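> First the structure, then my questions, so here it is.
The values are calculated or read from the model by the stated rules, or taken from the named source; none is laboratory data. What you see is a predicted model; the values in this text were computed from it and never measured. Here Cβ is always computed from backbone atoms with ideal geometry, including for glycine, and neighbour counts include all displayed protein chains. For accessibility, only protein heavy atoms count, side chains too; no ligands or nucleic acids. Shrake-Rupley method; radii C 1.70, N 1.55, O 1.52, S 1.80 Å.
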Amino acid sequence: MLAAFERAELSTDQSDRDAEMTFVIVGAGATGVEIAGQIAELARDTLQHYYKAIDPGDARILLVETADRILTSFPASLSAKATKSLRKLGVTPTMQRTVIDIDRDGVSLRGPEGQTERVPARTVIWAAGVRASALAAKLGELAHADVDKAGRVTVNPDLTLPGHPEVIALGDMVAVSDGKGGTLSLPGVAPVAIQQGAYAARVISERLSGRETRPFHYLNKGNLATIGRGRAVADLPLVRLSGLPAWTIWLFVHIWYLIGFQNRLVVLLRWAVSFLTSGRTQGSRIISRRPG
């Protein structure tokens, strides 16, 4: 991204400069929203006084989503607040658009009525999900288990591979059967994998003790999505928050999951300094590339 601004600074062609300063983020889940917000803050705050020929604040940041709103896993009210926060940062949420082609010069979008639109952009970031590890498809092939469109192998309710109770698979490479012919709707986020890891250890322990294993159950402790400095949304079991309170919760949750008190303290102090100084304490920024 920094290199894109550098190329825009050196370009003398306006259309080329516009393409360099256009950033397209595909997918408006928590990852896409966070990336869009960070790019906006980078352009409109951090890099504001580093160029002469361009104004980084003029960067065009498009957040493309197939659905009719961002953060579809959150309540509509929080989705609307997140959209408002993004617009204040200068991000343009582009709803009901599907990316049908990406090349080095831009992206092609298809609208709800089949119309197509070409967006010249030199930086495109995919945040709409990824295929599972190839290992999942291989396991499905060997065990004759179902593999979904995302490449995830379907495992039993106890996370074991069908027909192979000695194999436990977890994380975003699996789809967990609900035991009734369907699959559980589990997000591909770290809390799911963490709980599945603890459950897998419990399964092994219970087997060694001769006890019966209960099916895996995911305890959803809530959803958090950060948008930018002091901006976030939080969908918690008892309350829904936005703005600075939600951002504060997001910060402490992430620090809590770090290992070791020293790591938590160091990260907290660094984030506090960055927040209070708006990240202006860094030295000179140098973009370097390896020869060749």
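> Loop sites only, by DSSP: take the GluC sites (Glu not before Pro) in the chain that have at most 10 other C-beta atoms within 10 Å and name the longest stretch containing none of them.
Formally, the longest exposed-site-free interval is 1-112.
> Set the Förster distance to 22 Å, then compute FRET efficiency between residue 58 and residue 105 from the Cβ-Cβ distance, nearest 0.05.
On the way: r = 20 Å, r/R0 = 0.90.
Taking R0 as 22 Å, the efficiency between residue 58 and residue 105 is 0.65.
> Before I look further, what does segment 177-254 give for accessible area per residue, probe 1.4 Å, in whole square angstrom?
On the way: 4800 Å² over 78 residues.
Result: 62 Å² per residue.
> Also, I was wondering about something else. Using a Förster distance of 22 angstrom, determine the FRET efficiency expected from the C-beta separation of residue 98 and residue 189, and round it to 0.05.
Working: r = 23 Å, r/R0 = 1.07.
So the FRET efficiency works out to roughly 0.40.
> Would you work out if segment 1-124 is rounded, prolate or oblate? Take a ≥ b ≥ c from the square roots of the eigenvalues of the alpha-carbon gyration tensor; rounded if a/c is under 1.5, else prolate when a/b is larger than b/c, oblate otherwise.
oblate
> Let me ask something else about it. For residue 257 and residue 6, what is the calculated FRET efficiency with R₀ set at 30 Å and r taken between the beta-carbons, to the nearest 0.05?
0.25
> Further question on the same structure: Provide the gained length on full extension for the span residue 167 to residue 209, in nm with one decimal, where the gain is 0.36 nm per separating residue minus the Cα-Cα distance.
13.3 nm
> In the structure displayed, which of 84/180; 138/180; 81/180; 84/221; 88/149; 52/88 lie more than 30 Å apart, Cα to Cα? Present the calculation step by step, with values, prior to reporting the outcome.
Numbers: 84/180 41 Å; 138/180 24 Å; 81/180 37 Å; 84/221 25 Å; 88/149 36 Å; 52/88 25 Å.
Beyond 30 Å between Cα atoms: 84/180; 81/180; 88/149.
> Given labels modelled 7 Å from the Cα in the Cβ direction, how far is it in nm from residue 148 to residue 264?
Reported label-point gap for residue 148 and residue 264 is 3.4 nm.
> Let me ask another. Could you calculate, for segment 71-120, the ratio of the Cα radius of gyration to the Kirkwood radius, expressed as Rg to Rh? Present the calculation step by step, with values, prior to reporting the outcome.
Numbers: Rg = 13.4 Å, Rh = 12.6 Å.
Rounded to two decimals, Rg/Rh equals 1.06.
> Give the carbon-plus-sulfur fraction of the accessible surface of segment 47-176 in %, rounded to a whole number; probe 1.4 Å, heavy atoms of protein chains only.
50
> I've got another one for you. Could you work out the longest stretch of the chain that avoids the trypsin sites (Lys or Arg not before Pro) located in DSSP loops with at most 14 other Cβ atoms within 10 Å?
No qualifying site falls inside 222-279, the longest such stretch.
> Report, in debye and to the nearest 20, how large the dipole of segment 73-232 comes out about its Cα centre when Lys and Arg carry +1 and Asp and Glu carry -1 on their Cβ.
900
> Leaving out ligands and nucleic acids, and using a 1.4 Å probe, what accessible area per residue does segment 1-104 come to in Å²?
Per residue, segment 1-104 has 48 Å² of solvent-accessible surface.
> Next question, about the same structure. Dipole magnitude of the chain about its Cα centre, charges +1 at Lys/Arg Cβ and -1 at Asp/Glu Cβ only, in debye to the nearest 20?
840
> Now for a different question. Using the C-alpha gyration tensor of segment 97-192, what are the square roots of 5 times its eigenvalues, in whole angstrom, with the largest one first?
After scaling each eigenvalue by five and taking roots: 35, 14, 12 Å.
> In addition: Which of rounded, prolate, oblate describes segment 106-250, given a ≥ b ≥ c as roots of the alpha-carbon gyration tensor eigenvalues and a/c under 1.5 marking rounded, otherwise prolate only if a/b is larger than b/c?
Values: a/c = 2.70, a/b = 1.38, b/c = 1.95.
Cα axes put segment 106-250 in the oblate bin.
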